[in-house]
Each structure stands twice: as structure tokens, then as C-alpha cells.
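Please read through the structure below; I'll follow up with questions.
Read-outs throughout are calculated quantities, based only on the coordinates presented, and are distinct from any laboratory measurement. What you see is a predicted model; the values in this text were computed from it and never measured. Note that we place each Cβ from the backbone using ideal geometry, even for glycine, and neighbour counts take in every protein chain shown.
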């Protein structure tokens, strides 16, 4: 792990040192701790000195070996194997969707690593090693951390936000109501009350270029329920009232839609000829539009007619592009 990590990253590294010590009850050489953490021996000595004041853990010394004094450190909680697997899979999902180093995810793996059986522990350790090699987006982590803190403390934040079609970012004040990840877009979103529009709006966190916490407090309305708000959404962007959308899939992909629940409202019906009809009650959004196009010629929009025409128009435009290129 590079030396230039921030304070949050150092906290994650301290946890790593802590669990390396925990996994070696007979002690471990300082040089080995440094190797596993990817830092210098000098840095590791400083980390070991910080464990007692930061984590209230006493360390014994014997030559170049260090270990935890018996009775001074206990894992905070024990998980059953299914519980540990659930956390492991959830953290893996976060890693695969973000494709960036996040010290908070690393910290989760480190804590989990101390309370699971050896085979799963080995997999967690490999994931931790791989995670530390991923790129780190300091700006994104800072903005996400500020939003999370404002959400918990219910403080209005001032953001500079550049919507997809805008040439530059515009300033606005928002009250964070909920933060939601979206695996499909490899992004996270904050559902907020926007002071400019006086409406609940969804903002993609990756499009926030700067953020400031204000001293203004707010209260999340007691009738706001993020789960209910997102019920009609395909993804995280609610686009209005739900409408009935009916899709027809070819036999070669029909089984996929019997295996996967793409949306809570879906109803699938296999036809005698092998085709599958999927009926959804969702609001129209660009996310849904892109998902339908992703299936290409294997799907046909049956209704509503407006959506059917839009997809057909896009298909014709795509054909024109390829026909033009083939003439060159």
C-alpha cells in the first residue's frame, strides 16, 4: 500500500495490522507485517505504536516479533457461516460495481477476516490484496463521505453539479434523504430535496464536482420511504407514475428471465412456442430504455406503443450507421 494514503486509509491499514496480529497468536515479525501491508518497516513500527491509543490494544515485544497481549483484543462479533457469506458477497458486489479502492470496504473485509473459517479467510485475504491494487478516487471518497455525514446529521449541503447535458456545473443546495448504489451504472446516487426546484430529485454522486456542508439543518419527512419511492423506478431514478410495460423475449434467452428477478413488479409467462412475455409496472427512464436496447434483436416491445416506436426508431438509426460505414 503506497505511503501517501490519507487518514481514512491509514485507519484501514491499522485494522489490517491488528488482524495480522490477531491471526498470529504466537507473534509475527515486524518485517512480515510491513510486507503484507505494503509499507516500510519504519511505517509499521509507527502503526504498532498507534494501536494502543487508537484501538486500546496492548502489544507485546520480543526481539523483532510483535503480538497482542492475551485478553486485550476480542473480535466484536461472531457470524455464522451463512451470515459471513452474506457480508462477503455484499462487499464483493460493492467492489465489482465501483471498480475503485475504498478504504471502508477494505476495513469491512479486514474485520470479517477475523471471524470466519480459514478457507473463506483465504479468499477474503486475496480480495483484500486485489482491492489494494485498484485505483483510488480521493475526490469521490471525500464527496461521498461528506454526503454520508450530512445525511446522518441532517445538514443541508451545497453542491456543484454537472448534469449529463450541461457544459458546466451549477450550484444548488440539497437535503440528502437517502444514498443508493446502482450496479447497472457502476455509480451511486443521493436522493435529496432540491432547494432550487423544491422537489425530491436524484443526483448521481459522480457528477458532483464540489461539496460544502452548511450550518442549515433539515428534517427528513416522516412519510418519506426510500423503498416506496424507488418501487416504480427501474434502477434508482424515479421517473414518475408507473405504467405497464410488456416485453417479448426470444426462446434462447427466456430462461434468464425465469431465473432472475429484474424488478419486484415483474410477471413472466412462458408461451407455448418458447417465447416469454415479461410484464412490468415501472416508470419510463433512460435506464430502462438502455436495458431494453441491451437485448438487441432478442426482445420486442409490445406495449406501450410510444416506447415501441422509440425503440424501433433507435434500431433504424443504428442500422443507418452500420450501412453508412459499410459503404466506406
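Compute the angle between helix 305-326 and the longest alpha-carbon principal axis of the chain, please, reported from 0 to 90 degrees and rounded to the nearest 10.
80 degrees
What does the highest-first list of 295-301, 166-172, 193-199, 283-289 look like by mean Cβ count within 10 Å?
On the way: 295-301: 14.3, 166-172: 11.0, 193-199: 12.6, 283-289: 17.1.
In descending order of packing, they fall as 283-289, 295-301, 193-199, 166-172.
Can you compute the FRET efficiency between residue 170 and residue 224 using 1/(1 + (r/R0)^6), with r the Cβ-Cβ distance and R0 = 22 Å? Round to the nearest 0.05.
On the way: r = 25 Å, r/R0 = 1.13.
E(calc), rounded to 0.05, equals 0.35.
If we restrict to alpha carbons, what Rg and Dmax does region 173-328 come to, in Å?
Spelled out, the Cα radius of gyration and Dmax of region 173-328 are 19.2, 63 Å.
Normalised radius of gyration for region 243-326, please: alpha carbon Rg relative to 2.2 N^0.38 Å, two decimal places.
Numbers: Rg = 13.6 Å, N = 84, 2.2 N^0.38 = 11.8 Å.
Against the empirical 2.2 N^0.38 Å value, I get 1.15 for region 243-326.
Then there is this: Enter the angle in degrees (range 0 to 90, nearest 10) between the Cα long axis of helix 103-113 and the first principal axis of the Cα atoms of the chain, meaning the one along which they spread out most.
That helix lies at roughly 70 degrees to the long axis.
Relative to the longest principal axis of the C-alpha atoms of the chain, give the angle of the C-alpha long axis of helix 41-55, reported between 0 and 90° and rounded to the nearest 10°.
80 degrees
Which FRET efficiency value, to the nearest 0.05, do you get for residue 122 and residue 248 by plugging their Cβ-Cβ distance into 1/(1 + (r/R0)^6) with R0 = 35 Å? Walk me through the numbers before you get to the answer.
Working: r = 46 Å, r/R0 = 1.31.
Given R0 = 35 Å and the Cβ-Cβ separation, E is 0.15.
Starting from the Cα-Cα distance between residue 286 and residue 317, subtract it from 0.36 nm times their residue separation and give me the gain in nm to one decimal.
Details: separation 31, 0.36 × 31 = 11.16 nm, distance 1.73 nm.
Net length gain for the segment: 9.4 nm.
Set the Förster radius R0 to 41 Å, insert the Cβ-Cβ distance between residue 42 and residue 214 as r into 1/(1 + (r/R0)^6), and round the FRET efficiency to 0.05.
0.50
Given the convex hull of the Cα atoms of region 89-217, what is a quarter of its surface area in nm²? All intermediate terms of the calculation are to be shown ahead of the outcome.
Values: hull surface 35.5 nm².
Taking a quarter of the hull surface, the average projection is 8.9 nm².
Follow-up question, since we're still on this one. With each run of n ≥ 4 DSSP H residues scored as -39500 (n - 2.57), what mean residue ellipticity at 222 nm is computed for the chain after dividing by its residue count and rounding to the nearest 500 deg cm²/dmol? Write out the running numbers ahead of the final one.
On the way: 11 runs with 143 residues, N = 328.
Calculated at 222 nm, the ellipticity per residue is -14000 deg cm²/dmol.
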